[in-house]
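Comments concern the structure below.
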Amino acid sequence: MKIDVVSLFPSYLNPLNLSLLGKAQEQGIVQIAIHDLRDWATDPHRNVDDTPYGGGPGMVMSPVVWGEALDSIREQAVVDPVLIIPTPSGQPFDQLLAATLAREEHLVFACGRYEGIDSRVGVHYSRDERWDSVKEVSIGDYVLAGGEVAALVMIEAITRLIPGILGNPESVIDDSFSRLDCLVEGPVFTKPPIWRELEVPQVLRSGNHGLVNQWRKDQAQARTESFRPDLLSDRAEDPL
Ligand code: JCH
C-alpha cells in the first residue's frame, strides 16, 4: 500500500517511521511519503491560507495550493488514489471504514490546519475521475488543531489490518469492534497470579475453556453496558 500525507507540519508525522510501520516500510509492505504543503505555495510569501468568505474568525486553507499539491501527487500515482480529508464534520471513522481502506492500493491524506480546507477541494476531487473517491472523515467528536493527529490515528488503524504487517493475525480478528457481536473486550491478565493483593479471577486459571469463554462473554457484555450502551442499542436495530 502506498500512503501520501500532505501537511504544513510534516514532522508531526514522524511517528510513522517508528515501530510496526517502520518495519513494514523496510519490508516494502507499505510505502509512506510525507509532503510539505508549502512546497506548492506560489505567492512570494508562500501563503497557504486566506480570510474566510462571509467573515468570522481564523483563516481557511487555499484551494489553489491544495489543488497544485494533490494534482502533483496524482501525477506520480500508478492507480486512482482515495483522498481522505480529516475534518470534525466528516463521516465517523470506525473499524469497518479502517478495514475497507486497508484493501486500497493508494491513500492520500490531506491534513488541514486553521479552520480547515476550502470546501471546494473535496467537491472538485469527488468529480475528478483520476481519483477513486473522496472521504471527509472525523476520528471523534472533539476538535483537534489540525488533521495530522487524525491521519496518524487512521493510518495506524488501517495499516495494522494489512496482511503481513502483524506477526499475529488472530489478535487482529479478536479485537474490539472487529468482532461480529460488536461488544468491547473484557479485562485481560497475565502473571503473576497475585499482584499487590489483586488476584487474577480463578476461572481464568481453571483450565475449563467453556467456563473461560462464558466468563469473557459476560465481562464483555457488562463493560459494553456500562461504557458503550450505544453499541447495544445499535445492535438491536441491526438484524446482523
Ligand atoms: C481540524 C478546526 C475549527 C477545524 C483544521 C483542520 C478532526 N475528528 C477531528 N477533530 N478535529 C479534526 C480536525 C481535522 C482537520 C482540521 N482543524 C481545526 C478548528 C473548526 O471548525 C470550527 C474546524 C480539525
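The values are calculated or read from the model by the stated rules, or taken from the named source; none is laboratory data. Keep in mind that this is a model prediction, so the values were computed, not measured. No Cβ is skipped: glycine too gets one built from the backbone with ideal geometry, and neighbour counts run over all protein chains shown.
Of note:
- All conditions in (1) more than 16 Å from the ligand (Cβ to nearest atom); (2) in contact with a helix residue (DSSP H, G or I) (Cβ under 6 Å, 6 or more places away or on another chain) hold for Asp80, with the sole exception of (2).
- Looking only at segment 136-168, and only at residues there that are outside any helix (DSSP H, G or I), within 12 Å of the ligand (Cβ to nearest atom) and among the charged types (D, E, K, R), the one that is surrounded by the most Cβ atoms within 10 Å (Cβ to Cβ): Glu136
- Within segment 72-116, being more than 17 Å from Val149 (Cα to Cα) and either within 15 Å of the chain's Cα centre (by Cα) or of a type in the set (Ser, Thr, Tyr) (or both) holds for Ser72, Val82, Gln95, Leu96, Leu97, Ala99, Thr100, Leu101, Ala102, Arg103, Glu104, His106.
- Criterion (away from the ligand (no atom under 11 Å from the Cβ), in contact (Cβ under 8 Å) with a residue 24 or more places away in the chain and under 25 Å from Gly54 (Cβ atoms)) met by exactly one of Gly112, Gly122: Gly122
- Selection within segment 23-49 - free of Cβ contacts under 8 Å to residues at least 40 places away in the same chain and among the polar types (S, T, N, Q): Gln25, Gln31, Thr42, Asn47
- Residue count for segment 23-37 satisfying the condition of being touching a helix residue (DSSP H, G or I) at 6+ places or on another chain (Cβ under 8 Å) and either among the hydroxyl-bearing types (Ser, Thr, Tyr) or more than 21 Å from Val78 (Cβ to Cβ) (or both): 2.
- Residues (surrounded by 20 or more Cβ atoms within 10 Å (Cβ to Cβ) and over 27 Å from Leu161 (Cα atoms)) located in segment 114-135: Gly116, Ile117, Asp118, Val121
- Just one of the listed residues (Arg38, Arg46) is surrounded by fewer than 13 Cβ atoms within 10 Å (Cβ to Cβ), under 18 Å from Gly112 (Cα atoms), in the same structural domain as Glu104 (by TED's automatic domain parsing) and out of contact with any Phe, Trp or Tyr (no Cβ under 9 Å at 6 or more places or on another chain), and it is Arg46.
- Residue ID - surrounded by the fewest Cβ atoms within 10 Å (Cβ to Cβ), chosen from residues in segment 53-68 that are more than 13 Å from the ligand (Cβ to nearest atom) and at negative phi: Tyr53
- Residues (small (Gly, Ala, Ser) and either more than 23 Å from Val153 (Cα to Cα) or without any contact (Cβ under 8 Å) to a residue 12 or more places away in the chain (or both)) located in segment 52-101: Gly54, Gly55, Gly56, Gly58, Ser62, Gly67, Ser72, Ala77
- Segment 138-156 residues that are within 13 Å of Ile84 (Cβ to Cβ) and acidic (Asp, Glu), paired with ones that are more than 7 Å from the ligand (Cβ to nearest atom) and in a loop (DSSP other than H, G, I, E, B) (beta carbon under 8 Å, 6 or more apart): Glu148/Phe9
- Residue in segment 187-206 that is basic (Lys, Arg), closer than 17 Å to Asp94 by Cβ and at pLDDT 95 or above present: no
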